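The values are calculated or read from the model by the stated rules, or taken from the named source; none is laboratory data. Worth saying up front: this structure is predicted, and the values here are computed from it rather than measured. Backbone-built Cβ (ideal geometry, glycine too); neighbour counts: all protein chains shown. Quick note on the areas: whole protein, heavy atoms, side chains included, nothing else; ligands and nucleic acids left out. Shrake-Rupley method; radii C 1.70, N 1.55, O 1.52, S 1.80 Å.
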Amino acid sequence: MAPDARPIGVIGIGWVGLVTAVCFAEMGHSVVAMDIDAKKVRGLSRGRVPIHEPGIDERLERNRERLTFTTEMEDVLEFARLLFCCVDTPPTYSGDADLSRVQAVVSQLPPDGEYALVMKSTVPSGTGRAIRRDAPGIAYVSCPEFLKEGTAVQDFLHPDRVVIGADSGAEWAADEVEALYRPLGGEIVRTDVASAEMIKLAANAFLATKISFINEIANVCEEVGADVTEVARGMGLDQRIGPAFLRAGAGYGGSCFPKDVSALKQLAGNTGYHFQLLTAVIEVNELQKRRIIGKLQKHLGALAGKTIALLGLAFKPDTDDMREASSLVLAARLQGEGAKVRGYDPVAREAAGKLLPSVELTESAADALEGADAAVIVTEWPEFAELDWTSLRERMAKPVVVDGRNFLDGRALSKAGFEYEGIGLANGGAQAGATPPAESAEASPR
Ligand code: UGA
């Protein structure tokens with residue numbers, strides 16, 4: 001692909017900003033990426049990637065000459081005129097999105113009509129309109145990101161769709177953004193700013209609703225002796241429903257679903273509309289994270305003094321992101337019950353050390369299981385399916401496995417002498433056997 005005449009600006013080099021910068025560079029564009037964190041910028045300039053995301057390291061390496069990292073906004077403004085805003089918008093106590101970092105970016109842009117701000121950060125519907133009112137000289141484009149952590153590079157380079165929202169006066173900027181994304185394929189959805197902002201929130205809220213729905217179905221399956229993996233398979237083959245996001249488990253986490261669901265609920269609330277369904281989605285998710293405790297009590301009785309090994313601490317595999325991870329809720333609840341908690345994660349050890357200071361973090365799954373009364377699969381890292389569970393059983397004080405992701409082969413574990421219990425599986429999953437990941441209802445294995 002021919003290099004663009006003018007570099008692209010990226011403001012905020014978090015997970016979204018870094019993937020955006022590196023992937024545009026991979027497409028042949030020059031990119032100037034800016035962040036206020038000088039240590040991060042220094043590291044990136046030397047080729048050091050601060051996050052665990054498959055496919056980033058090698059792309060950063062082979063596109064080093066096209067990528068400039070800086071702490072100065074002036075460097076971005078000197079070279080680029082399309083500015084991709086990728087700063088974070090964390091939730092406030094009330095559940096609203098905190099827009100202070102977005103506002104700080106806007107306040108640094110000259111109001112002379114030369115620049116376009118392309119909003120990648122997730123913001124409530126109405127943000128673009130407010131920015132245009134306060135800074136009418138800036139062309140504003142809403143271009144929400146739909147990347148998934150762990151597969152973000154592939155998602156960027158092969159999008160299902162690219163949503164580009166612009167209002168009158170900013171069409172030139174929307175055209176430029178469309179030209180950037182067109183070579184990637186995927187449907188381009190041109191719309192107005194408020195609708196583009198709403199598409200992002202509605203998409204995440206719908207996916208979260210699907211997860212809470214299947215989790216409630218799983219809980220009913222346990223009562224009636226049905227198997228949720230079979231139910232999800234049968235449901236997912238209906239094209240109107242689709243197979244994705246029907247994996248029951250210990251609840252959704254991460255930096256996006258919990259934040260975006262409450263932001264949409266709050267956004268509606270601010271207009272006087274009570275979004276009843278989302279209130280239930282959030283509540284079901286919180287309860288789901290806690291159901292693991294009941295399952296452990298069923299097998300072990302009171303948990304005081306018991307040692308519980310949490311396998312997988314990141315909010316999902318292939319990331320070291322611990323934000324809103326189910327492991328955080330579980331560890332706190334277990335400790336509240338008086339249990340001793342051990343934890344192991346192949347990549348999130350450093351992040352876990354900061355967030356779980358009273359959990360004993362081990363170097364391997366086997367170390368976590370040594371003398372443990374139970375193992376809980378919290379995150380479905382592939383290596384957990386490859387463990388030699390038969391020999392590990394000898395090292396555990398009690399052979400109890402609670403599989404919060406229906407990831408292991410329950411039948412095989414039961415044969416090996418384990419008390420196995422999954423989520424929403426007939427007979428706990430011991431007789432039926434959990435569906436192995438490759439056959440799961442999710443379309444693409446992660
Ligand atoms: C999510 C969306 O999928 C992306 O499209 C969006 O761009 C992103 O949020 C964002 O707003 O930035 P992500 O948070 O990376 O992406 O993670 P997902 O793969 O969607 O998983 C979210 C959570 O749902 C995880 O905790 C996962 O374990 C859980 N999940 C997912 C289930 O419990 N069941 C499922 O069937 C699918």
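Miscellaneous remarks
Matching residues to (1) in contact with a Phe, Trp or Tyr (Cβ under 8 Å, 6 or more places away or on another chain); (2) assigned to a helix (DSSP H, G or I); (3) within 12 Å of the ligand (Cβ to nearest atom):
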{"site": "Ile164", "(1), (2), (3)": "yes, no, no"}
{"site": "Gly169", "(1), (2), (3)": "no, no, no"}
{"site": "Leu180", "(1), (2), (3)": "yes, yes, no"}
{"site": "Ala218", "(1), (2), (3)": "no, yes, yes"}
{"site": "Glu222", "(1), (2), (3)": "no, yes, no"}
{"site": "Ala226", "(1), (2), (3)": "no, no, no"}
{"site": "Arg233", "(1), (2), (3)": "no, yes, no"}
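- Single residue of segment 192-207 satisfying the filter (within 10 Å of the ligand (Cβ to nearest atom) and touching an Asp or Glu at 6+ places or on another chain (Cβ under 7 Å)) that is nearest to Asp175 (Cα to Cα): Leu201
- Selected residue (only one of Val123, Val141 is at pLDDT 95 or above and not small (Gly, Ala, Ser)): Val141
- Out of Ala348, Ala412, one residue alone is within 14 Å of the ligand (Cβ to nearest atom) and out of contact with any Lys or Arg (no Cβ under 7 Å at 6 or more places or on another chain). It is Ala348.
- Subset of segment 259-281 [surrounded by fewer than 20 Cβ atoms within 10 Å (Cβ to Cβ) and within 30 Å of Leu334 (Cβ to Cβ)]: Thr279, Ala280
- Out of Thr89, Thr68, sole residue that is open to solvent by 40 Å² or more (accessible area, probe 1.4 Å) and of a type in the set (Val, Ile, Thr): Thr68
- Single residue of Gln288, Gln335, Gln297 found to be within 12 Å of the ligand (Cβ to nearest atom) and more than 30 Å from Val49 (Cβ to Cβ): Gln288
- Residue check for Ser30: touching a helix residue (DSSP H, G or I) at 6+ places or on another chain (Cβ under 6 Å) and small (Gly, Ala, Ser): yes
- The residues listed here are Ala309, Ala325, Ala375; of these, the one that is among the small types (Gly, Ala, Ser), crowded, with 22+ Cβ neighbours inside 10 Å and within 16 Å of the ligand (Cβ to nearest atom) is Ala325.
- Any hit, segment 13-20, residues being under 28 Å from Ala139 (Cβ atoms), touching a helix residue (DSSP H, G or I) at 6+ places or on another chain (Cβ under 8 Å), open to solvent by less than 70 Å² (accessible area, probe 1.4 Å) and free of Cβ contacts under 8 Å to residues at least 60 places away in the same chain: yes
- Of residues in segment 190-204 being touching a helix residue (DSSP H, G or I) at 6+ places or on another chain (Cβ under 8 Å) and outside any helix (DSSP H, G or I), the one surrounded by the fewest Cβ atoms within 10 Å (Cβ to Cβ): Arg190
- Residue check, Leu361 within 16 Å of the ligand (Cβ to nearest atom), open to solvent by 30 Å² or more (accessible area, probe 1.4 Å) and out of contact with any Ser or Thr (no Cβ under 7 Å at 6 or more places or on another chain): no
- Pairs with Cβ under 7 Å, 6+ apart, first in segment 190-211 and within 28 Å of Ala139 (Cβ to Cβ), second within 9 Å of the ligand (Cβ to nearest atom) and of a type in the set (D, E, K, R): Leu201/Asp260; Asn204/Asp260
- In the condition set (1) within 15 Å of the ligand (Cβ to nearest atom); (2) within 30 Å of Ala314 (Cα to Cα), Val189 is compliant with all but (2).
- Residue tally, condition within 18 Å of Ala194 (Cβ to Cβ) and without any contact (Cβ under 8 Å) to a residue 40 or more places away in the chain, over segment 90-118: 4
- Options Lys210, Lys265; residue that is within 15 Å of the ligand (Cβ to nearest atom), outside the structural domain of Gly95 (by TED's automatic domain parsing), in contact with a Phe, Trp or Tyr (Cβ under 9 Å, 6 or more places away or on another chain) and part of a helix (DSSP H, G or I): Lys210
- Taken over segment 145-158, the criterion of being open to solvent by less than 20 Å² (accessible area, probe 1.4 Å) and more than 8 Å from the ligand (Cβ to nearest atom) is satisfied by Val153, Phe156.
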